[in-house]
């Protein structure tokens with residue numbers, strides 16, 4: 001759990017790692033809805049996160065949680081995380097939740113943008129919010145002489161960083177997705 005560095009269209013969101021094991025259980029997603037986590041990103045590849053390592057090596061029901069935005073001590077909007085606080089208390093104490101769940105917006109990671117050239121930039125300011133969406137074909141940057149553009153209608157950018165080294169992830173692109181359960185595991189088409 002931590003706070004996002006930049007603002008976001010979703011104040012709280014989770015990143016669900018892609019693993020060899022069934023780690024997207026119905027009960028985990030019910031907790032997410034009970035905690036009023038606004039969005040979940042379903043990763044499509046391994047990553048260098050503790051949640052991926054836990055899911056991959058221990059079959060843990062693991063997530064990376066982004067709870068709000070980094071702020072000075074005492075200036076975080078904790079009232080926006082009240083449902084998360086209550087859901088955590090219910091989970092730890094094994095009490096049945098007393099507040100209503102809230103539907104979570106689901107995204108799949110459609111692609112990872114990796115910086116390949118020195119001449120790399122985005123066409124938006126550094127304070128663009130996570131989950132800012134683009135129209136299909138809209139150019140939002142360049143990598144060398146190659147334009148970076150939305151490949152899907154409503155494709156959104158998350159964790160953009162124009163200053164990464166060559167060969168490193170500069171952004172994740174995500175698309176909204178419909179989900180369902182198979183054998184008690186969340187899947188998408």
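Tabulated data for the structure shown
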quantity: Highest-first arrangement of 122-129, 153-160, 138-145, where packing means the average Cβ count within 10 Å; calculated: 153-160, 138-145, 122-129
quantity: Mean residue ellipticity (222 nm) of the chain, computed from DSSP H runs ≥ 4 via -39,500 (n - 2.57), nearest 500; calculated: -4500 deg cm²/dmol
quantity: Fluctuation leader among 39, 60, 165 - the chain, Gaussian network, Cα springs under 10 angstrom; calculated: 165
quantity: Antiparallel bridges, percent of DSSP beta bridges restricted to the chain (to nearest 5); calculated: 70
quantity: Which of 107, 11 has the fewest Cβ neighbours within 10 Å, and the rest in rising order; calculated: 11, 107
quantity: Degrees, to the nearest 10: 82-93 long Cα axis against longest axis of the chain; calculated: 50
quantity: Whole-number percent relative contact order across the range 63-169, with pairs defined as alpha carbons under 8 Å at least 6 apart; calculated: 22
quantity: GNM result for the chain, Cα springs below 10 Å: residue of 23, 114, 105 fluctuating most strongly; calculated: 114
quantity: FRET efficiency, 1/(1 + (r/R0)^6) with R0 22 Å, evaluated for residue 69 and residue 124 via beta carbons; calculated: 0.80
quantity: Relative contact order (percent, whole number), the chain, Cα cutoff 8 Å, 6+ residue spacing; calculated: 24
quantity: Mean-position separation - Cα centroids, the range 60-101 and the range 12-27, in angstrom; calculated: 17
quantity: Normalised contact order of the range 111-172, rounded percent, pairs of Cα under 8 Å and 6 or more residues apart; calculated: 42
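Read-outs throughout are calculated quantities, based only on the coordinates presented, and are distinct from any laboratory measurement. Just so we're clear, the structure is a prediction, and the values are computed from it rather than from any experiment. Every residue, glycine as well, gets a Cβ built from its backbone with ideal geometry; the counts of neighbours run over all protein chains shown.
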